[in-house]
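The values are calculated or read from the model by the stated rules, or taken from the named source; none is laboratory data. Note that the coordinates shown come from a computational prediction; the quantities given were computed from them, not determined experimentally. FYI the Cβ positions are ideal-geometry reconstructions off the backbone, even for glycines, and counts take in every protein chain you see. Heads up: the accessible areas ignore ligands, DNA and RNA and are worked out on the full protein's heavy atoms, side chains in. Shrake-Rupley method; radii C 1.70, N 1.55, O 1.52, S 1.80 Å.
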Amino acid sequence: MRMSRVGYFADFVVYPVLLAVLAWETLRHALAPQREDWMLAAGVGLGGWTLLEYALHRYVLHHAPPFRRMHALHHASPAALIGTPSWLSVSLIGGLVFLPLLHALQLDIASGATAGLMLGYLWYVGVHHAAHHRRARPGSYLHRAKQRHALHHHSPQACNFGVTTALWDRLFGSAQSPTGG
Ligand SMILES: [Zn+2]
Ligand SMILES: [Zn+2]
């Protein structure tokens with residue numbers, strides 16, 4: 001949805017704070033094996049985010065009616081401050097990821113996986129913002145992400161749903177490169 005500047009940039013404050021709280025609260029009394037579990041779970045959460053990002057963008061934002069309409073606004077005005085409010089993404093991650101994981105597994109695993117997923121989300125929000133608003137050095141990671149995402153916006157073919165990585169597009173056959181490969 002269309003947002004104020006404060007609402008749009010809130011993710012860049014809210015998520016680092018939540019990540020720090022999750023890490024601090026879980027790790028300050030943890031023993032070495034629990035810390036390792038947390039780090040491992042965070043890695044899985046981060047990798048899991050990239051797949052979730054792909055699936056949400058491809059199947060929810062481009063197909064599910066209420067979200068499709070909102071996402072179409074972003075496609076029509078890529079530079080407008082359109083995004084997901086922090087309160088909504090935090091509630092979804094809390095309610096659909098952290099609480100179910102906490103119910104099923106130990107706190108350190110639930111906390112680590114949620115922190116990894118949040119880090120991934122923050123990475124996505126940052127790269128997506130930069131893709132539309134920042135210049136990037138040719139050959140850099142951001143430059144490749146910008147080019148991929150520009151094709152997502154402008155190609156007549158549905159492609160490049162991954163913003164942070166091209167991995168899932170390559171794996172699921174939706175990748176398109178600027179040279180047409
Ligand atoms: Zn899209
Ligand atoms: Zn975009």
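For ALA55 and PHE12, calculate 0.36 nm times their separation in residues minus their Cα-Cα distance, and state this gained length in nm to one decimal.
13.2 nm
Considering the dipole of the range 5-137 built from charges on the beta carbon (Lys and Arg +1, Asp and Glu -1) around the Cα centre, which of GLN106, HIS57, LEU81 is farthest to its positive end?
LEU81
Test of the criteria: in the range 117-159, which trypsin sites (Lys or Arg not before Pro) are in a DSSP loop and have at most 16 other Cβ atoms within 10 angstrom of their Cβ?
ARG134, ARG135
Determine, from the Cβ-Cβ distance of LEU105 and ALA76 and an R0 of 25 Å, the FRET efficiency 1/(1 + (r/R0)^6), rounded to the nearest 0.05.
Efficiency computed from Cβ-Cβ geometry: 0.05.
Give me the dipole magnitude in Debye, nearest 20, for the chain about the Cα centre, with unit charges on the beta carbon: positive for Lys and Arg, negative for Asp and Glu.
Value, rounded to 20: 800 debye.
So which trypsin sites (Lys or Arg not before Pro) in the range 1-100 are both in a DSSP loop and have at most 13 other Cβ atoms within 10 Å of their Cβ?
Filter output for the range 1-100: ARG28.
Considering the alpha-carbon set of the range 5-137 alone, what are its Rg and its Dmax in angstrom?
Taking only Cα atoms of the range 5-137, I get Rg and Dmax of 16.0, 51 Å.
Could you sort SER77, SER86 by their accessible area in this structure, using a 1.4 Å probe and putting the largest first?
SER77, SER86
Could you tell me how many degrees, from 0 to 90 and to the nearest 10, lie between the Cα long axis of helix 141-154 and the main elongation axis, the longest principal axis, of the Cα atoms of the chain?
Tilt relative to the chain: about 50 degrees.
For helix 32-55, report the angle its Cα long axis makes with the longest principal axis of the Cα atoms of the chain; keep it between 0 and 90° and round to the nearest 10°.
20
Please arrange MET1, MET39 by accessible surface area, largest first, computed with a 1.4 Å probe and ligands excluded.
Greatest to least solvent exposure: MET39, MET1.
With every protein chain kept in the model, how would you rank VAL127, VAL13 by accessible area, 1.4 Å probe, largest at the top?
VAL13, VAL127
Please work out how much accessible surface HIS29 shows to a 1.4 Å probe, ignoring ligands, DNA and RNA, in Å² rounded to 10.
150
What is the sum of charges, Lys and Arg at +1 and Asp and Glu at -1, for the other residues whose Cβ falls under 14 Å from the Cβ of ILE93?
Residues near ILE93 contribute -2 overall.
Less than 15 Å from a label point 7 Å out along the Cα-to-Cβ axis of ARG35: which backbone N atoms in the range 2-28 qualify, by residue?
Counting backbone N atoms under 15 Å from the label point, the list is 23-28.
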